[in-house]
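Quick notes on the structure that follows.
The values are calculated or read from the model by the stated rules, or taken from the named source; none is laboratory data. Keep in mind the model is a prediction, meaning the values are calculated, not measured. Cβ placement follows ideal geometry from the backbone for every residue including glycine, while neighbour counts extend to all protein chains displayed.
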């Protein structure tokens with residue numbers, strides 16, 4: 001039974017392998033992408049910085065709007081102070097978010113930019129020195145192996161072609177043997193062709209095997225040289241990863257307000273103001289300022305009298321007693337009930353101070 005030759009190629013699992021020619025280009029591109037990646041990270045967090053600034057401005061606007069409304073609200077006492085503390089806390093948080101914005105734009109961005117300039121060096125005709133070094137290293141390491149691989153692929157193609165010819169020659173010969181109408185001369189010619197193609201196939205196969213042996217013999221050196229260049233690329237990538245990890249951690253530290261000591265102080269102060277609300281103190285304050293606790297001068301009977309100068313005076317009945325006034329042009333005197341003295345004044349000055357006791361208004365007469 002003849003073997004049927006299939007033209008459908010077996011899937012080449014090594015087609016995308018790093019070891020195949022020029023497949024190291026993704027590793028070279030990774031080096032170039034490092035520079036662009038720095039630009040993108042800076043741009044990313046500059047946009048975040050804008051958000052921080054907008055948030056700070058919105059808090060400032062909120063405070064300007066509500067602070068006067070809160071101050072003039074019907075709320076009072078410790079509860080009012082707790083509400084006002086939100087305004088104070090927001091003002092402080094606005095300042096902190098403004099500082100976060102400045103830090104992202106200056107400190108974090110400058111750190112990445114400086115590392116970028118120190119790590120990647122542009123060439124005059126485009127590209128970067130570092131990626132070109134990696135690319136040249138891979139090219140030199142792969143060139144001898146790729147040349148041998150090309151010879152293998154060429155001899156393999158010739159061998160497969162010879163196999164096809166030998167296969168079809170076999171079919172023609174077998175068909176001729178079962179064809180009674182075919183002359184012996186033609187059958188002989190088919191047999192000779194079959195033998196020729198078989199011989200050619202063996203010669204091509206030997207060349208194919210020899211080129212494959214040469215390739216496999218060189219594989220170890222090829223792999224060693226390629227890995228050396230790859231390790232150089234890995235070392236550069238390791239430095240990039242470690243630096244960007246540190247840079248991202250710095251950004252995280254600046255954005256993580258939960259661990260920001262200043263923010264913690266703001267919210268601790270705010271919480272303390274809220275917890276300081278004392279309903280009993282507020283109710284007592286309202287009672288004394290607007291309720292039964294207020295001082296009161298209760299209405300009493302007020303007596304009106306005229307002095308010798310014609311000026312009317314008033315005196316409450318509980319404090320003073322009015323007696324008959326004799327209008328003879330003499331001085332007006334006051335009887336101090338506490339000290340038992342009389343004074344030619346309108347108020348008692350006993351012992352250098354106003355007398356707190358009730359006084360008796362008197363006037364001396366001529367008789």
Any residue in segment 164-177 that is closer than 20 Å to residue 20 by Cα and without any contact (Cβ under 8 Å) to a residue 60 or more places away in the chain? no
The residue that is modelled with the lowest pLDDT, considering only those in segment 112-122 that are out of contact with any helix residue (DSSP H, G or I) (no Cβ under 6 Å at 6 or more places or on another chain) and surrounded by fewer than 16 Cβ atoms within 10 Å (Cβ to Cβ), is 122
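For every residue, the table says whether it meets (1) surrounded by 16 or more Cβ atoms within 10 Å (Cβ to Cβ); (2) over 24 Å from residue 246 (Cα atoms).
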residue: 73; (1), (2): no, yes
residue: 86; (1), (2): yes, yes
residue: 89; (1), (2): yes, yes
residue: 100; (1), (2): yes, no
